[in-house]
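The values are calculated or read from the model by the stated rules, or taken from the named source; none is laboratory data. It should be emphasised that the depicted structure is a prediction, and the values quoted were computed from it without experimental measurement. Using ideal geometry, Cβ is built from the backbone for each residue, glycine included, and neighbour counts are taken over all protein chains shown.
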Amino acid sequence: GLILEGERFAVLSDILGDEDHLGDMDFKVAGTADGITSLQMDIKIAGITEETMKVALEQAQGGRKHILGEMANALSESRGQLGEFAPRIETMQIPVDKIREVIGSGGKVIREIVEKTGAKINIEDDGTIKIASASGKEIEAARKWIHSIVAEPEVGQIYEGTVVKIADFGAFVNFFGPRDGLVHISQLASERVAKTGDVVKEGQKVWVKLLGFDERGKVRLSMRIVDQATGKEIVQEKKQSEDAE
């Protein structure tokens with residue numbers, strides 16, 4: 001700001017804004033340690049002299065360096081990633097023919113994703129999906145949920161799943177979003193299993209490997225060749241399981 005009385009003047013510095021409306025000049029200088037990046041000025045008098053401008057710029061430089069120094073004391077360098085609660089938006093692309101699956105009948109699926117994850121989701125006609133939230137975890141949860149709906153499971157891959165039903169011949173496991181597959185009783189464990197319930201219970205988290213699909217397109221899964229503690233494949237069991245197929 002500027003206070004002018006005849007030939008006498010004083011340049012005022014403040015970051016609150018009081019100097020703007022109380023003085024004869026509103027002058028803002030923004031920049032980095034290397035120099036000025038932008039200027040803005042409004043004056044309430046006929047004009048200012050070169051001397052006044054010089055004093056204002058020098059004073060702004062001192063103030064800018066002081067503020068940058070205080071900022072550096074609090075945070076010496078920029079963060080490599082956004083803070084946990086910083087507002088953000090991420091974009092993902094899905095096939096157009098998968099849009100209806102993500103939305104669901106009457107919007108049932110998309111509403112459930114929004115309610116369970118807390119993220120806001122917008123789906124465009126070309127398959128572009130924008131996921132917004134102040135939480136990176138919410139965005140990641142929504143992204144994984146949508147991916148599980150539109151993606152296809154890969155034969156040979158290991159997935160974490162949940163036992164949803166137990167039968168005499170094996171256990172049905174939800175392992176890839178809305179997809180279920182059968183772990184035949186012979187694939188529950190490396191040793192012989194008399195009853196499915198002796199190995200797994202409904203609601204139990206398990207690791208399964210996708211062996212393939214039967215002649216009806218049903219998913220075939222295996223637990224016996226996956227270490228249930230680590231989710232890693234048990235190599236010595238791999239060949240035995242494949243030979244038994």
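Things worth noting here:
- Subset of segment 72-88 [under 27 Å from I121 (Cα atoms) and either among the polar types (S, T, N, Q) or at pLDDT 80 or above (or both)]: Q81, P87, R88
- Test: residue in segment 67-80 that is touching a Ser or Thr at 6+ places or on another chain (Cβ under 8 Å) and surrounded by 10 or more Cβ atoms within 10 Å (Cβ to Cβ): yes
- Hits in segment 92-109 - residues which are of a type in the set (K, R) and in contact (Cβ under 8 Å) with a residue 12 or more places away in the chain: K98
- Test result for K130, modelled with pLDDT of 95 or more and not assigned by TED's automatic domain parsing to the domain that holds G31: yes
- Of all residues in segment 142-178 being of a type in the set (D, E, K, R) and surrounded by fewer than 17 Cβ atoms within 10 Å (Cβ to Cβ), the one that is farthest from T196 (Cα to Cα): K144
- Test: residue in segment 11-30 that is of a type in the set (D, E), loosely packed, with under 13 Cβ neighbours inside 10 Å and assigned to a strand (DSSP E or B): no
- Residue in segment 107-115 that is assigned by TED's automatic domain parsing to the domain that holds G6 and in contact with a strand residue (DSSP E or B) (Cβ under 8 Å, 6 or more places away or on another chain) present: no
- Residue list for segment 177-192, filter: within 16 Å of I225 (Cβ to Cβ), free of Cβ contacts under 8 Å to residues at least 40 places away in the same chain and either aliphatic (A, V, I, L, M) or in a strand (DSSP E or B) (or both): L182, H184, I185, L188, A189
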